[in-house]
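Here is the structure we will look at, set down as structure tokens.
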Amino acid sequence: MADPASTKPFGPKETQRILRHLQTPTVFTNMAAGWPALLWTAERLSHCLRDKVLRFRLGRKEEKNTPLFETQCSYVEARLEDFLSWTRDQTGPLHVGPFCEYPNSDYWAYADYKYIAMLFEDRPSMFEEVKWSDFGFEGRDGRASTLWVGTGGANTPCHLDSYGFNLVLQVQGR
């Protein structure tokens, strides 16, 4: 079997050179080959987080041509296990628990900007499963990263962040 590092299209130095000259959002394929974080599923994360409570943002699933800003959303405090239970209950009666007022047929939801360092403070090995050094950020791992988990339809309006680089590792979904 080929070494995952040998399948990466760019080395760390070349990736840094590319990043410094980009003017538009760009997708790098195969740059995370071999990262343990690629095995993260919502179920695995739920098991790791156990009883930790996250704040979920909810919005209505309706076709609109205007962004839904944070101040216009509803919020629920819940465990990831509660969220997963809510997402699986597609046809049953209203869910019991933190999401009970929000039928998943009518709402999308996501937990955003959850710092991995805080979520997994009792499991520091999780930090090492994210390897930003492959992008030329030596010594950077998941400790300085955030986790986002959401349903289909969850979104953030297109925007520009005015700081450094914003790298996203998408493990599931689209």
(message) Roughly how far apart, in whole Å, are the Cα centres of the stretch 28-86 and the stretch 128-174?
(response) 13 Å
(message) Can you pull out the chymotrypsin sites (Phe, Trp or Tyr not before Pro) in the stretch 1-83 whose DSSP state is coil and whose Cβ has at most 14 other Cβ atoms within 10 Å?
(response) Phe69
(request) Determine, for Met118, Met126, Met31, the number of other Cβ atoms within 10 Å of each Cβ, and report the residues in order from fewest to most. (result) Met118, Met31, Met126
(message) Within 10 Å of each candidate Cβ there may be at most 13 other Cβ atoms; applying that plus a DSSP loop requirement, which trypsin sites (Lys or Arg not before Pro) in the stretch 21-57 survive?
(response) Arg50
(message) What does the charge count around Arg17 come to, taking other residues whose C-beta lies under 15 Å from its C-beta (Lys +1, Arg +1, Asp -1, Glu -1)?
(response) 0
(message) For the chain, set up a GNM with springs between Cα atoms under 10 Å and report which of Ser162, Ser145, Ser74 has the largest fluctuation.
(response) Ser162
(request) Any lysines with Cα under 24 Å of the Lys61 Cα? List them, leaving off those in the same chain fewer than 8 positions away. (result) Lys114
(request) Have a look at Gln16, Ile116, Asn155 and report the one farthest towards the positive end of the charge dipole of the chain, computed about the Cα centre with Cβ charges (Lys/Arg +1, Asp/Glu -1). (result) Gln16
(message) With n ≥ 4 as the cut-off for DSSP H runs, can you work out [θ] at 222 nm for the chain, using -39500 (n - 2.57) per run divided by the number of residues, rounded to the nearest 500?
(response) -4500 deg cm²/dmol
(request) For the chain, set up a Gaussian network in which alpha carbons nearer than 10 Å are linked by springs, and say which option among Pro103, Pro67, Pro124 fluctuates the most. (result) Pro67
(request) About the Cα centre of the chain, how large is the charge dipole given +1 on each Lys and Arg Cβ and -1 on each Asp and Glu Cβ? Please answer in debye to the nearest 20. (result) 360 debye
(request) Between beta-carbons, use under 11 Å as the cut-off and find the net charge around Asp51, counting Lys and Arg +1, Asp and Glu -1. (result) +1
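Read the figures in this text as sums done on the coordinates, not as results from a lab. Remember, predicted model here, so these are calculated numbers, not experimental data. Every residue, glycine among them, receives a Cβ derived from its backbone with ideal geometry; neighbour counts consider all protein chains shown.
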